[in-house]
Each structure stands twice: as structure tokens, then as C-alpha cells.
Amino acid sequence: MSEQITNKKFTIKDAFLACTEWYRYFLTRWILIVIVGLLGAALGFGYAYMQKPVYKASLSFAIDSGEQDGLGGALSLASQFGFDFGGSAGGMFASANLMELFKSRRMVEQTLLMPSKTNAAVSYAEMFIQGQQWRARWAEKPELKSLQFLPGSDRSKYTRAQDSVMGVIYSMVSKTNLNVFQKDKKVDIITIETKSGDENFAKEFTEALAQHVSDFYIDTKNKKARINMAILERQRDSVRSALNSAITGVAAATDNTFGLNPALNVQRTPATKRQVDVEYNAAILTELIKQTELAKLALQKETPLIEVIDKPVLPLPKEKLGKLMGLIIGGILGGIIILGILIVRRLYKLWLT
């Protein structure tokens, strides 16, 4: 029997007859197919009706990294005196690295513990918890019921339970709610998107995260230049104090030799020494003032400019499955499922016979 089936040629007529036979088979089950299709449509409509809208907040900004163009000669001269005016942090915070910084645990958690704009007594972490309705589920769990995430609280003093909850929040926000991308790699414009069922949380958290990362980026980018300028200012003030003391010493030594016999030159030695100190400190102070001004200029150039292009504006765009689309998708899926079941069932019966 198997050899006959193997050797038998499958013609177009056979294909037509097979399709006709399947059509008649499905036609005899049309009531079941319609019922399951309607059930799927009802489920799709119900899902679309019950689904909560997801709000999307989007913020984009451009970065001017503050390169040192035009200062090469002056800063090269300054480097000969042992001063390094920075410039190495740019690669550390290139666009790709900066996008990862937005999703880093440190940045996200520090932002979550910031006070909300609408209520300074509530942190963004607490807003997220309320939006997820976790407090209602924690009511019967004493170890979770009393947990608080106050704005500005010390993260290092959190309990194990607080660390666990904060870890879950960070994981959900960074993997599901937060998206950071660069539309065009040729243009330094970064876009941040936050999706949430809470419209206020989506908007405020996006703005707070952008501001926090921006402050951290600027502070780190010009840190070396700020340190060098602070060193120069301390040295300048120290030399100026020594110069003032030397000038006072010259005056005092001159007063001591007033009316002195010109033949007694040895008595004029203290005044001469003080005068040398004045000239020495004056020369150093002049150079330090020049280097301090260069350091200020370098700090200006090292401080990046972050310009916000678009901010999230209420009402935010929302993503939700439409009722009609839910009805259609549910009906199609229900029909596909019941057809698949019927095909498998009939093939199984044919295989048994």
C-alpha cells in the first residue's frame, strides 16, 4: 500500500480535489469556526477596552563637547610649566557612552530618589510604586508595607528589602520604560523616551534624568580644568601674600636706614634683600596671573554646552490598542487557532486510517 502511494503521481486534479475536500470539511464546521472567531473578537475587544493607555514622554538635546580649538598654542605653552588643562574626558563621554550612562544604575536610581516637581515630599520611586499599585499588594506583607523611598534619602543606608525593591524598579525602568537612542550617528542629537501608565511620571522623570545626567556630564568633563584652576588660584594668592609681605619688609628696612651714614653700606643689606624678594615674587605673580587666566579660558572651553531641543509637553501622546483593531485582531487570531486545531485533528484521523 505504501509503495502504491509513493509511486502515485500527484496531479493538479488531485490538488483541486484535495482543496475541495478540505473546503467541504471546513464548511461542515462553519458554526464552530464562527463561534470561536466571535469569541476571539470579543476577547480582543475586551482587552482593548480594559487596557490602560501608555504615555510616552520624549526629550531630545544636542551636545557641544567644548573642544579646545584656537587654544592650542597658549595651552601648549602652559603645559611647559607643568599644568594639564584637561581634554581627555571627551572620549569617555562620546555619544555611545553617554547613551549608556543614561541607563546606568547609578544615574537612574539617583534620579528615582529625587523629589517630584508636583509634590516635593514624594520621590519618583514612590510615584512609580503608586503607578504600579504595589502598595495595595504590600498591605498584607509587613516587611514591605513599611518601606519608604523618601526624596534625597541615603541610598547606602537602605535595608536589604529596600535594595531588592529598588533593584526591581531599576530593572523595569531601564529595560521596559526607558529608551535612549541617536537617530543619526552623524549628528550629536540624543533622544530620551520614557513610557509609563502615569503621564506625570513619564514627563517629570524624563526631564529629571536628562538634567541629572547633564550635570554629571558637565561636572566630569571639566573636572580636570577646575582642579588645575583651583591650584593656580591658590598659588597666585600665596605668592601675592608673599609679595605684599616683601614690600612691607622693604619699607621697614628703608625706615631703619633713614639718615644712615652713606659710608655704612652694610646696614642697607636687609633692604636690598627685601627688594630682591619683591622683584622675584612680582615676576612669579605675573606668570601665575597669566596661567590663571589661561586656566579660566580652558575651563570655559572644556565646559560642554547641552541644548535641549524638544521637551515633553502635556498632554503626552499615548499608545493604546484601539477597540476596532482589538476586535479585528482577536477575530483573526480566533479563526486561525480553530482552523489549526481542525486541520491537526483531521490529519490525525487520516493518519490513523
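Some values worked out for this structure:
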{"quantity": "From 203, 195, residue being part of a strand (DSSP E or B) and either at pLDDT 80 or above or of a type in the set (Gly, Ala, Ser) (or both)", "calculated": "195"}
{"quantity": "Meets criteria (assigned to a helix (DSSP H, G or I), surrounded by 10 or more Cβ atoms within 10 Å (Cβ to Cβ), within 38 Å of the chain's Cα centre (by Cα) and at pLDDT 80 or above) for residue 47", "calculated": "yes"}
{"quantity": "Qualifying positions in segment 316-330 - out of contact with any strand residue (DSSP E or B) (no Cβ under 8 Å at 6 or more places or on another chain) and loosely packed, with under 13 Cβ neighbours inside 10 Å", "calculated": "322, 324"}
{"quantity": "Check on residue 123, surrounded by 13 or more Cβ atoms within 10 Å (Cβ to Cβ), at pLDDT 90 or above and closer than 29 Å to residue 222 by Cα", "calculated": "no"}
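Conditions (1) among the hydrophobic types (A, V, I, L, M, F, W, C); (2) more than 30 Å from residue 223 (Cβ to Cβ); (3) part of a helix (DSSP H, G or I), marked per residue:
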{"site": "301", "(1), (2), (3)": "no, no, yes"}
{"site": "308", "(1), (2), (3)": "yes, no, no"}
{"site": "314", "(1), (2), (3)": "yes, yes, no"}
{"site": "324", "(1), (2), (3)": "yes, yes, yes"}
{"site": "327", "(1), (2), (3)": "yes, yes, yes"}
{"site": "340", "(1), (2), (3)": "no, yes, yes"}
{"site": "344", "(1), (2), (3)": "yes, yes, yes"}
{"site": "347", "(1), (2), (3)": "yes, yes, yes"}
{"site": "351", "(1), (2), (3)": "yes, yes, yes"}
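The values are calculated or read from the model by the stated rules, or taken from the named source; none is laboratory data. The structure presented is a predicted model; accordingly, all values stated were derived computationally and were not measured. Note: ideal-geometry Cβ built from the backbone for every residue, glycine included; neighbour counts use all protein chains shown.
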